[in-house]
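Right, one structure below, let's go through it.
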Amino acid sequence: MLDTILDELKKILKSRLLPIALIFFCLFGVLIYRIFTLQIVKGEEYQENTDKRVEKTNEIKATRGNIYDRNGVLLAYNELSYSIVLEDTGELKTNDEKNAMIYKLVQLLKKNDDEIAYDFPIGLDEDGNLYFKVEGNSELRFKRDIYSAKSVDELTEEMKNATAEEVFDFIRFSTESNSPKFGIGEEYTVEEALDIMTIRYIMFIETWSRQLDNYVPITIANDLSQVTVAALKEYSDILPGVEVVEETRRVYNDSEYFAHILGYTGLISAETLQDMEDEGNTYYSATDQIGKTGLESIYEDYLRGVKGTETITKNENNRVVSTSDRVEPIAGNNIYLTIDANLQKACYQLLEKQIAGILISKIHNGTDSGSKGISADNITIPIYDVYYALIDNNVININKFQDEYATDVEKAVYEKFLSKQKAVMKQMKTYLSFHSTAATSSLSEEYQEYLDYVYTVLKDNELLLSSLVDTDDSVYKDYSNGKISLSEFLQYALANNWIDLEQLDIGDEYYSTEELYTKLIEYTIELLKKDTAFNKKIYHALIYSFKLTGKEICLLLFEQGVIEYKEEEIAALNNGTISAYNFILDKIKNLDITPAQLALKPCSGSIVVTDVETGEVRACVTYPSYDNNKLANTIDSEYFTTLQTNQSYPFMNRATKQTTAPGSTFKILSSILALEEGIIGYNETIYDKVVFDKITPSARCWSSTSHGKVDVSDAIGVSCNYFFYELAYKMSQDSNGNYISDKGLKLIQKYADILGLSAKSGIELSEEEPNISNRDAVRTMIGQGDNLLTPIQLSRYVTTVANRGTCYNLTITDKIKDVSGAVVLDKKAEVLNQVQIHEQTWDEVTLGMYKVVNGPESSISSLFKDLDKVVAGKTGTAQLNKSNPNHALFISFAPYENPEISVTAVIPNGYKSSNAAEVARDVYKYYFSNEKDKKKMLESKVDKPELDSPGFQD
């Protein structure tokens with residue numbers, strides 16, 4: 001047995017496999033030893049190091065709450081979209097590597113027309129110069145972050161005054177300890193460096209400024225196109241750290257009708273973020289969306305929801321290996337408004353039609369402006385003003401005329417412009433020559449306007465230093481009064497050091513006064529050539545000299561895609577079958593060209609509808625409006641610029657922010673005051689003498705013929721100014737019969753307080769403060785003086801009259817519910833004041849309002865004759881000046897016997913109150929009609945106002 005064993009051992013020892021077996025045995029022993037060391041001896045140490053390197057907590061954004069109308073119609077919601085998130089990665093160690101990756105990412109985005117979600121505070125203008133996009137405190141805060149200062153106060157004067165180019169170079173190249181150290185090499189252009197810098201900056205802000213140990217994922221771009229998403233997945237190997245994630249974007253239904261109410265969301269600004277953090281609010285990060293305007297901003301805390309969190313662990317290859325401690329986000333609350341979406345949309349459309357109809361009634365085929373400058377009663381609109389308005393308001397883009405792919409029509413128009421520009425500049429050089437003594441007032445209107453604009457350009461560009469100009473100087477006064485030439489004034493300004501010579505780049509060389517002046521004019525001429533506003537003045541001259549024809553203007557509308565391309569219409573214009581005048585009128589009638597695009601007067605308006613029993617707002621309409629979808633999430637910069645330069649000011653919420661004199665609508669307050677204070681009895685009358693000469697200067701009634709003897713209700717019904725003048729005079733007299741205006745003004749203020757006219761309406765939107773006049777009691781009594789009120793404030797006023805005394809703080813919010821449907825906030829209109837006046841006073845005042853609409857002497861009764869419901873109201877016409885049409889106002893309620901709703905309509909520069917009354921009539925007709933008739937109303941074409949007679953009407 002032993003021999004057998006020994007023989008087997010000898011065989012094994014002689015085997016060639018023995019060395020291999022021994023090697024494997026040794027390796028296996030080493031492996032066991034290493035495993036023991038890693039897991040047992042040093043396991044705890046390695047585990048701690050691994051956890052510290054890869055474990056971090058991420059935020060999970062909450063879904064924003066929806067917004068609904070009172071009937072559950074969805075107005076604002078969230079839609080699934082794709083975003084780019086830049087995660088930290090261990091693969092990119094150096095600046096060169098990071099910058100190269102970001103460059104590739106930006107180029108991919110640009111190729112597919114997607115944009116970076118951030119707007120860097122430094123930009124590049126058309127001439128290739130760097131400039132700050134922010135100013136004031138925002139600029140200082142940006143510099144504070146760039147120079148790594150803890151506060152603005154730590155910045156040196158040199159840092160505070162650093163130019164955009166100096167800051168750019170510091171960010172790009174500096175390696176100082178307080179620099180971000182981006183190290184963006186010179187192989188990148190300035191524009192490319194700005195793109196890289198934008199992303200590097202937001203990465204820097206999210207880590208350094210918030211003093212975080214771990215890198216925070218940064219959302220680089222939102223709402224990606226499918227092409228970009230596919231490309232990012234394809235090139236993921238060369239874009240380490242870049243991930244495509246599913247997020248939500250804010251969407252608004254029927255946006256233009258609700259934009260001023262809802263507002264929009266957007267990326268939180270650095271300034272807002274800093275302000276919040278200063279206040280201890282650390283909820284937001286630089287990549288968060290926040291309500292910017294409207295209810296989105298007002299109810300931000302309700303809508304935003306609560307963020308969730310999760311802890312993730314990554315391995316050494318930066319891949320997620322586990323997720324733990326997940327806390328689910330809580331969706332934001334849903335808001336239900338008091339607004340009726342269908343009524344809101346209808347009011348907007350009816351208002352737009354009414355304004356377009358007014359324009360049609362005033363546009364004529366000529367060059368004169370009627371009574372403009374003499375009287376506001378019958379101002380007309382020359383068709384040539386319409387042609388020019390299309391250029392002036394950028395509907396026709398003159399910059400496209402010189403594009404490489406400009407059409408034949410665009411090229412032909414541009415040639416006319418260049419020829420005219422050359423002639424204008426030649427003549428301007430003559431008028432601005434060193435020896436010119438031609439006083440501005442002696443020149444043609446065209447060149448007076450050009451030279452006045454030169455002064456404006458010099459001042460706006462700070463060549464002429466306004467702070468140094470002595471406005472009491474005799475030479476300045478002579479220039480201002482047109483007695484001397486602009487050339488003489490500018491030479492005087494040079495001699496008095498009112499001109500900033502540094503901009504002329506003269507260095508240290510010596511120049512005579514004439515040489516300096518010549519350099520100033522050469523510099524100014526170059527500024528004018530690039531100045532869009534000045535070039536538009538040249539186009540104005542071309543139009544009014546008939547060198548740029550109406551037909552060419554109409555063809556440009558087709559060429560630039562402003563209106564739908566129709567060959568038959570183009571042919572009709574070219575062969576003269578239809579004139580440019582009739583073509584434009586037809587396009588306005590069809591709303592292919594809108595009042596907002598023309599920005600003539602009128603071009604705007606507002607309507608407010610309330611439930612008079614509850615103080616709830618059913619419609620709050622502003623015209624014109626805008627598409628808030630293009631501003632939400634990521635701003636469409638081109639569209640935003642278009643809105644900013646639009647002369648119809650679409651950003652303004654005219655219902656809550658535009659103040660006008662209330663005109664004769666104020667006479668309701670005056671009547672209540674007079675009856676309650678015993679200034680006049682219920683059956684007492686006053687004889688209208690037309691001219692009220694008890695004050696100097698005297699005041700006149702709007703009518704040139706007497707209304708005879710009138711009581712309170714009659715005075716409201718015919719809007720007799722003289723009646724209210726007499727009341728104001730009586731209540732302003734002291735015991736000796738002396739007229740003391742302040743005495744009457746105090747009474748007016750008292751009743752303005754009682755009726756809610758001296759305070760904001762209470763609506764949950766940004767609103768202008770009202771102003772009750774503090775001068776001239778007699779004129780204040782009829783709504784003139786310094787009275788300034790918004791449509792929403794007039795709406796609360798008439799709501800109070802309609803319900804006989806309950807003055808509400810109006811509300812646009814009904815309820816707020818959480819995601820489970822539980823009511824978080826049940827919003828009711830609060831009562832500001834319960835007006836305590838005699839029932840007979842209400843009877844007299846509302847009877848007067850009935851007579852305004854239905855009385856035998858009513859000027860607007862024909863408008864309401866076919867309406868099923870009886871309306872009571874008060875017209876108002878507020879005169880601005882003799883060069884602009886009057887403002888048109890109408891406040892009302894219906895039905896007269898048992899009021900349900902009030903309608904307030906205001907059309908700035910709407911010529912006369914009947915125009916406002918007519919659109920209010922249409923609102924009532926829509927509100928009280930069946931669905932079939934409502935649809936028919938909205939489908940009808942634009943027409944002239946029914947009461948289209950010239951002259952003043954109150």
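The values are calculated or read from the model by the stated rules, or taken from the named source; none is laboratory data. Everything numeric here is computed off the predicted structure, so don't read it as measured data. For neighbour counting, all protein chains shown are included, and Cβ atoms are generated from backbone atoms with ideal geometry for every residue, glycine included.
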Those residues of segment 248-290 that are closer than 23 Å to Tyr201 by Cα and not aromatic (Phe, Trp, Tyr) come to a total of 22
First in segment 608-621 and within 18 Å of Asp826 (Cβ to Cβ) and part of a strand (DSSP E or B), second anywhere and among the hydroxyl-bearing types (Ser, Thr, Tyr) and at pLDDT 95 or above, Cβ under 7 Å, 6 or more apart: Glu616/Thr338; Glu616/Thr610; Glu616/Thr811; Val617/Thr338; Val617/Thr610; Val617/Thr811
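Given segment 121-203, what helices (runs of 4 or more DSSP H) lie entirely inside it while holding 2 or more residues that are surrounded by 16 or more Cβ atoms within 10 Å (Cβ to Cβ) and either under 28 Å from the mean Cα position of the chain (by Cα) or in the same structural domain as Lys93 (by TED's automatic domain parsing) (or both)?
Per the criteria, 137-146, 164-173.
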Quick check: anything in segment 523-538 among the β-branched types (Val, Ile, Thr), within 32 Å of the chain's Cα centre (by Cα) and not assigned by TED's automatic domain parsing to the domain that holds Lys459? no
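Looking for whichever is farther than 28 Å from Asp127 by Cβ, crowded, with 18+ Cβ neighbours inside 10 Å and not aromatic (Phe, Trp, Tyr) here; the options are Leu557, Leu486, Leu542. Which one fits?
Details: Leu486 fails: farther than 28 Å from Asp127 by Cβ; Leu542 fails: farther than 28 Å from Asp127 by Cβ.
Exactly one residue qualifies, and that residue is Leu557.
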Output for Cβ contacts, cut-off 8 Å, separation at least six or different chains, first residue surrounded by fewer than 16 Cβ atoms within 10 Å (Cβ to Cβ) in segment 277-292, second of a type in the set (A, V, I, L, M, F, W, C), reads Thr282/Met276; Tyr283/Met276
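Output the residues belonging to segment 383-404 that are within 32 Å of the chain's Cα centre (by Cα) and surrounded by fewer than 16 Cβ atoms within 10 Å (Cβ to Cβ).
To start, the set of residues in segment 383-404 that are within 32 Å of the chain's Cα centre (by Cα) comprises 383-403.
Correct list: Asn397, Asn399, Lys400, Gln402, Asp403.
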Could you name every one of the helices (runs of 4 or more DSSP H) located completely within segment 628-693 that has at least 3 residues being in contact (Cβ under 8 Å) with a residue 12 or more places away in the chain and among the hydroxyl-bearing types (Ser, Thr, Tyr)? 637-645
Hey, Ile499 crowded, with 16+ Cβ neighbours inside 10 Å and in contact (Cβ under 8 Å) with a residue 12 or more places away in the chain or not: yes
Restricting to segment 60-77, what's the tally of residues that are surrounded by 17 or more Cβ atoms within 10 Å (Cβ to Cβ) and in a strand (DSSP E or B)? 5
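Restrict the check to segment 669-690 and report whether at least one residue is under 18 Å from Ser604 (Cβ atoms), surrounded by 22 or more Cβ atoms within 10 Å (Cβ to Cβ) and in the same structural domain as Asn771 (by TED's automatic domain parsing). Lay out the reasoning, then the answer.
To start, the set of residues in segment 669-690 that are under 18 Å from Ser604 (Cβ atoms) comprises none.
No; the residues of segment 669-690 include none that is under 18 Å from Ser604 (Cβ atoms), surrounded by 22 or more Cβ atoms within 10 Å (Cβ to Cβ) and in the same structural domain as Asn771 (by TED's automatic domain parsing).
Pick out the one residue from Glu115, Glu91 that is modelled with pLDDT under 85 and surrounded by 13 or more Cβ atoms within 10 Å (Cβ to Cβ).
Working: Glu91 fails: surrounded by 13 or more Cβ atoms within 10 Å (Cβ to Cβ).
Being modelled with pLDDT under 85 and surrounded by 13 or more Cβ atoms within 10 Å (Cβ to Cβ) holds for just one of Glu115, Glu91, which is Glu115.
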So Ser177 clears everything in (1) modelled with pLDDT under 85; (2) closer than 30 Å to Gly332 by Cβ except one condition, right? Which one? (2)
Looking at Val923, is it β-branched (Val, Ile, Thr), over 19 Å from Ile360 (Cα atoms) and surrounded by fewer than 22 Cβ atoms within 10 Å (Cβ to Cβ)? no
Out of Ser761, Ser766, sole residue that is assigned by TED's automatic domain parsing to the domain that holds Ala619, surrounded by fewer than 19 Cβ atoms within 10 Å (Cβ to Cβ), within 21 Å of Tyr808 (Cβ to Cβ) and touching a residue at least 24 places away in the same chain (Cβ under 8 Å): Ser766
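Based on what the data block shows, is Phe928 crowded, with 24+ Cβ neighbours inside 10 Å, aromatic (Phe, Trp, Tyr) and either in the same structural domain as Gly848 (by TED's automatic domain parsing) or in contact (Cβ under 8 Å) with a residue 12 or more places away in the chain (or both)? Write out each step before concluding.
Numbers: crowded, with 24+ Cβ neighbours inside 10 Å: no; aromatic (Phe, Trp, Tyr): yes; either in the same structural domain as Gly848 (by TED's automatic domain parsing) or in contact (Cβ under 8 Å) with a residue 12 or more places away in the chain (or both): yes.
No, not satisfied.
Going by the structure shown, is Lys730 in contact (Cβ under 8 Å) with a residue 40 or more places away in the chain, surrounded by fewer than 20 Cβ atoms within 10 Å (Cβ to Cβ) and not assigned by TED's automatic domain parsing to the domain that holds His260?
Numbers: in contact (Cβ under 8 Å) with a residue 40 or more places away in the chain: yes; surrounded by fewer than 20 Cβ atoms within 10 Å (Cβ to Cβ): yes; not assigned by TED's automatic domain parsing to the domain that holds His260: yes.
So Lys730 passes the test.
Of everything in segment 405-440, what is of a type in the set (Phe, Trp, Tyr) and without any contact (Cβ under 8 Å) to a residue 24 or more places away in the chain? Give them in sequence order.
First pass over segment 405-440, keeping only residues of a type in the set (Phe, Trp, Tyr): 405, 414, 417, 431, 434.
Of everything in segment 405-440, those that are of a type in the set (Phe, Trp, Tyr) and without any contact (Cβ under 8 Å) to a residue 24 or more places away in the chain turn out to be Tyr405, Tyr414.
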Looking for whichever is assigned by TED's automatic domain parsing to the domain that holds Lys529 and surrounded by fewer than 17 Cβ atoms within 10 Å (Cβ to Cβ) here; the options are Lys477, Lys420, Lys416. Which one fits? Lys477
Identify, from the list Ile358, Ile335, the residue that is of a type in the set (A, V, I, L, M) and either farther than 30 Å from Thr380 by Cβ or free of Cβ contacts under 8 Å to residues at least 40 places away in the same chain (or both). Ile335
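Taking Ser766 as the residue in question, decide whether it is among the polar types (S, T, N, Q) and farther than 24 Å from Arg654 by Cα. Quick ask: steps written out before the conclusion?
Values: among the polar types (S, T, N, Q): yes; farther than 24 Å from Arg654 by Cα: no.
When the stated conditions are applied, Ser766 does not pass them.
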Does Val469 satisfy being of a type in the set (A, V, I, L, M) and either more than 41 Å from the chain's Cα centre (by Cα) or under 30 Å from Asp385 (Cβ atoms) (or both)? no
Residue, nearest to Glu247 (Cα to Cα), within segment 586-639, restricted to residues that are touching a helix residue (DSSP H, G or I) at 6+ places or on another chain (Cβ under 7 Å) and among the polar types (S, T, N, Q): Asn629
